[in-house]
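Worksheet for the structure shown next.
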Amino acid sequence: MKVPTILAILAAVALTSPIHAAPSASPSSASAKNGTLSNDVPDLLSRAAAEFTAQYNEALYSNSTLQRPSAFEKRAESNNVIPFCVGIASNPPRVRVFRNRMTCDISGWDTLYTFTAHTKEDEFIAPKATCSGSGSDPSRSMFFRRENCKDGNKWTHDFTFYESSAFNFRTTVWYADNPHRMLLYPNYNGLAHGWKDSYTVTYRNVYRLAADQEIRSLKADMTSHTNIHKKIKISTPNDAATMRCGEMLIGSSPSITSSPNGVLTFAGKDIYGFPGNAFDGNCTKLVNSSKIVVNRVTSNGFGSIEIIIGKSTLAAVSIKQRYSISNLLFMQALFESMRTGKPVMVGQNDMNSSGSVAFVQGTFIAISGPWNAPI
């Protein structure tokens, strides 16, 4: 099945490049369509990572005092940021959003992409409620800008998340009628297929599943990554202000390259934009104890990059030394580390030299393009 390329770069709001329009499918008459897809939906990029996960867990936790994965699942919930999987189905084209899932190849749905969002209101970084309503005949989801989606017999309330107001990613919510339904996918040109532009939804992070061809080097380098992960303990933020300032430090991070030239420390007070962002997030008192430390832990040409506040590491990635990564990709990987409470291994996308791949919560993800999907 031919799968068109949608876009190579995410559109982020803060400290990143502006939004790019996705290439259209050039239909002969978009107005004649009413919420269609450009192709039938095949089995989307879903790749089992069970064997890799088992090998990683065995290497990381055997003869170790580190917490087993179950402890991190509880941490993710308490951290108030969880993944939401967007599943897609056809006849008619529509999506359903599954709460707290990395993938959603279930019950006739195919994983389209995954986003993460706050599950509790925070007046500084997640102030605006959006609810997801569940409809039937056919099964589908619909977003509404309110706390609760219950609407007579038409929509049943499914869940509520809170849109990010700082360091966020955005996606247009498209809709069509007969039946009333939505479609959302980063940078998708829904107008070309008869969808109507509804509004823009923002959330903390967004990524898609990585294909087998994109993760070869990441799998080959697992031992080096694991050696680093064994020596890093990630702490749960003590309070909302610490979590908020951790997000602000990640979002303010410059592009950083892990080099073999010893340990490097970037003081938070000297990072452009961070003191001001911390002021906006009501956590100025933590600026002087905040820093980014590079290469505290190394192994076979790989190094660590850690987000530290006080004496606690709140997020960390392992990365090949001299591999330059943009602040956008760096930010996405660190957000996932902070969310899950585990270091995240980051590698170059083997099919796209400008992109990166990562291993998060037992799942290989692409944290940059190309965004391939049959829509």
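The values are calculated or read from the model by the stated rules, or taken from the named source; none is laboratory data. Keep in mind the model is a prediction, meaning the values are calculated, not measured. Every residue, glycine as well, gets a Cβ built from its backbone with ideal geometry; the counts of neighbours run over all protein chains shown. The accessibility values were calculated without ligands, DNA or RNA, using every heavy atom of the protein model including side chains. Shrake-Rupley method; radii C 1.70, N 1.55, O 1.52, S 1.80 Å.
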What do you get when you divide the Cα radius of gyration of the range 179-284 by 2.2 N^0.38 Å, with N the number of residues?
-> 1.55
Give me D for the range 208-250 in µm² s⁻¹, whole number, from Stokes-Einstein with Rh from the Kirkwood sum over alpha-carbon pairs, 10 °C and 1.306 mPa s.
-> 119 µm²/s
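Using the 2.2 N^0.38 Å rule of thumb for compact globular proteins, work out how the range 308-375 stacks up: its C-alpha Rg over that value, please.
Working: Rg = 12.7 Å, N = 68, 2.2 N^0.38 = 10.9 Å.
That ratio works out to 1.16.
I'd like the carbon and sulfur percentage of the solvent accessible area for the range 212-264, probe radius 1.4 Å, heavy atoms only, ligands and nucleic acids excluded. Write out the running numbers ahead of the final one.
Working: 1040 of 2250 Å².
Whole-percent figure for carbon plus sulfur exposure: 46.
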Distance check, please: which entries in LYS219/LYS269; LYS233/LYS285; LYS128/LYS230 exceed 32 angstrom between their Cα atoms?
-> LYS219/LYS269; LYS128/LYS230
Kirkwood hydrodynamic radius for the range 260-304: how many Å is it when counted over pairs of different Cα atoms?
-> 11.7 Å
What list of whole percents do you get for P(r) of the range 110-189, with Cα-Cα distances grouped in 10 Å bins up to the one holding the largest distance?
-> 17, 47, 31, 5
Binned at 5 Å from zero, the C-alpha pair distances of the range 153-239 give percents of 3, 9, 12, 13, 15, 14, 12, 9, 7, 5, 1, 0
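May I ask you to give the solvent-accessible area per residue for the range 232-296, in square angstrom, as obtained with a 1.4 angstrom probe? Intermediate values should be presented prior to the final figure.
Working: 3050 Å² over 65 residues.
With the other protein chains kept in place, the range 232-296 gives 47 Å² per residue.
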log₁₀ I(q)/I(0) of the range 298-339 at q = 0.21, 0.22 Å⁻¹, via Debye over equal Cα point scatterers, no solvent, to two decimals?
-> -0.70, -0.76
Along the range 332-341, what does the Karplus equation 6.51 cos²θ - 1.76 cosθ + 1.60 (θ = phi - 60°) give for ³J(HN,Hα), rounded to whole Hz, x for Gly and Pro?
-> 4, 5, 5, 4, 5, 5, 5, 5, 8, x
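Rank-order 122-132, 252-262, 307-317 by packing density, defined as the average count of other C-beta atoms within 10 Å over each peptide's residues, highest first.
On the way: 122-132: 18.1, 252-262: 15.7, 307-317: 21.5.
Those peptides, ordered most packed to least, come out 307-317, 122-132, 252-262.
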Leaving out same-chain residues fewer than 8 places away, which aspartates and glutamates sit with a Cα under 14 Å from that of LYS196?
-> ASP177
Heavy-atom accessible area of ARG216, protein chains in place, probe 1.4 angstrom, given in Å² to nearest 10, is 140 Å²
Quick calc, the range 107-256, dipole around Cα centre from Cβ unit charges on Lys, Arg (+) and Asp, Glu (-), nearest 20 debye, gives 260 debye
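Nothing charged except the Cβ atoms of Lys and Arg (+1) and of Asp and Glu (-1): what's the magnitude of the dipole of the range 140-207 about its Cα centre? Round to the nearest 20 debye.
In total the dipole reaches around 40 debye.
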